[in-house]
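Read through the structure below, which is laid out as C-alpha cells, and then see the notes.
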Amino acid sequence: PATTRHTVRKKPVRTTVVGAGVIGLSCAYELSELGHQVTVVDSGAVGAAASAGNAGWVTPFLSTPRAAPGAVRDAFRSFTSTEGPARMRPHLEPSFAGWITKFLRASTKKRNAKSTAALQDFARPAHSYFDSLIERGVSFEQYTDGLAVVFKEEENLVHYEQIVTKMRALGYVGSVKVYRGEDAAEFDPAIRRDIAGALHLESERHVRPETLCQGLAKWVEANGGEVAEHDAVTAITARSSGQWMVTTESGREIVADNVVVAAGYPSRTLLAPLGVTVPLEAAKGTSMTALGEGTAPAHPLKLYENMVACSPFGNAVRLSGTFDIGNRDFTLNQKRLDMVVRQGLSFLEDWRPTDVEIQWVGHRPTSADDLPIIGPVPGQAGLYLATGHGTLGVTLGPVTGALAAKEIARHGQQRLLEPFRLTRF
C-alpha cells in the first residue's frame, strides 16, 4: 500500500530586538539573514537617538577606550571650565559611585593597554562588514575619502605620529600620510592656512548614520521583519515556557524565543527588574548639521585640540562634540553647542553655516571601562545584551550585529566578543 509522508514545517525562531539604533538594527538585520523572525521595538523613530547626530565615522584607528590614565582627572578639571570637550555631572547614588570606581580601575596603564588591544582587534575588520552590507543590498550614504586629524600645535602632531607607531604595533594596516603647514591646506582647502598640520588616515571612511539606520530598517521590513517605532518597552519578563514577553507602552505583548537588548543607556533600566546590573552611564553629545557658504571640508576632520568632529555629508557639514558623563537629560544646552561650533570653525578657513538643518542632542551609552557590553545575560537563557559602544557605535555596529547574531543563533561563541562580556564586571 502507498504511504503518505507528512512534512512538519519548523517554526522560525522569534527574536525581539529592543532598540532601533545602529547596534539594534545591525543585530536585527543579521538575525533576519539567519532566518529569525525579527521584531524591532523602539521608544522613538528609527535611528533617532544616539545614532542620529553623530559624526558617522568608520574608523578602526580611533577605536580606543577613554578609560585611560588621566581621563577622570581631565573630566573633573572641566568643572572650572566652560570650554572643555568632556564634563562630568556626579549623582548621589550608589550606581554612579560604582561606575566611577570601575572607570578608575580601568584607567590604569596596564588595563588601558589590554582594552586598546581588544578594541583594535574588534574594529580591524569594520570596513569589510560595511562592504558586506552594500553587497547584500543595504542602501546608505557612505564616503571613502579617509579621515584627517587636524592640529593647531606642532607638538600635538608629533605626539600623534607616535600614536601611529603604537597602532601599527597593534596591527593597524591602514595608509597614513602627514601634511604640514601649507601642504595641509592644499590637501583640504577648507583647513586654515596657519594650521600646524594634518594626519590623513587614508583608509578610513564615514557614513551618514541616519541613512545607515534607515537602510537597515528598510531591509528588515522588506524581508519579513517588523520595525515598531514610538512604542517604548516597559517590561521584559521571562515566561514559564522558557520564552520571553516584551511589553510596550501601548499595551502590546510580544512573545519571543530571544530578546536582544540594544537600547543604549536605557538598557540598564530595562534589565534592572531582572536583577541584572549593567554599569552604563549617559555621555551627552551635541551636534549641528548645516548648509553653509565658503569652502566646505572635503574630508571628515578630527579637530584635535578641541576634540570636535567635522563631517561633510554632500552639501551639508556636521560639527559634533562634547562628552558629558552623567548628563542624562535631553535638553539642548545651547552654550555647549555654540562652543562646539565656534571651536570647530576656528580650524576652518572660511566655511560658515548659513542654513541650520539639525541641532541634535543625544546620549552615548558608555560602560564603566568604555568598552562595549556584548553577550548573553548570565542566568537568563535567551536574553542577550548589546550596548555600551560609546562613540564607536557606527564603527562597531555591523561587526557587532554579525557576531552577536551568530551567538544568538547558536552558531558558537565568537572569539572577538570575549573581552566584552557583562561578566567582566
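Annotations for the structure displayed:
- Antiparallel DSSP beta bridges within the chain, percent to nearest 5: 75
- Of Lys114/Lys152; Lys114/Lys166; Lys102/Lys166; Lys10/Lys218, those spanning more than 19 Å from alpha-carbon to alpha-carbon: Lys114/Lys152; Lys102/Lys166; Lys10/Lys218
- For segment 338-374 versus segment 387-420, the spacing of their alpha-carbon centroids is 25 Å.
- Highest mean first, the peptides 161-173, 392-404, 94-106, 197-209 sorted by other C-beta atoms within 10 Å per residue fall in the order 392-404, 197-209, 94-106, 161-173.
- Hull volume per residue, based on the alpha-carbon atoms of the chain and their convex hull, is 159 Å³.
- Cα-centre dipole for the chain with unit charges at Cβ (Lys and Arg positive, Asp and Glu negative), debye to 20: 1780
- The chain: calculated mean residue ellipticity at 222 nm from DSSP helix runs of at least 4, using -39500 (n - 2.57): -9000 deg cm²/dmol
We did not get these values from a lab; they are worked out from the coordinates using the rules stated. Predicted, not measured: the structure shown is a model, and the values here were computed from it. Because the Cβ atoms are built from the backbone with ideal geometry, glycine has one as well, and the counts that use them run over all protein chains shown.
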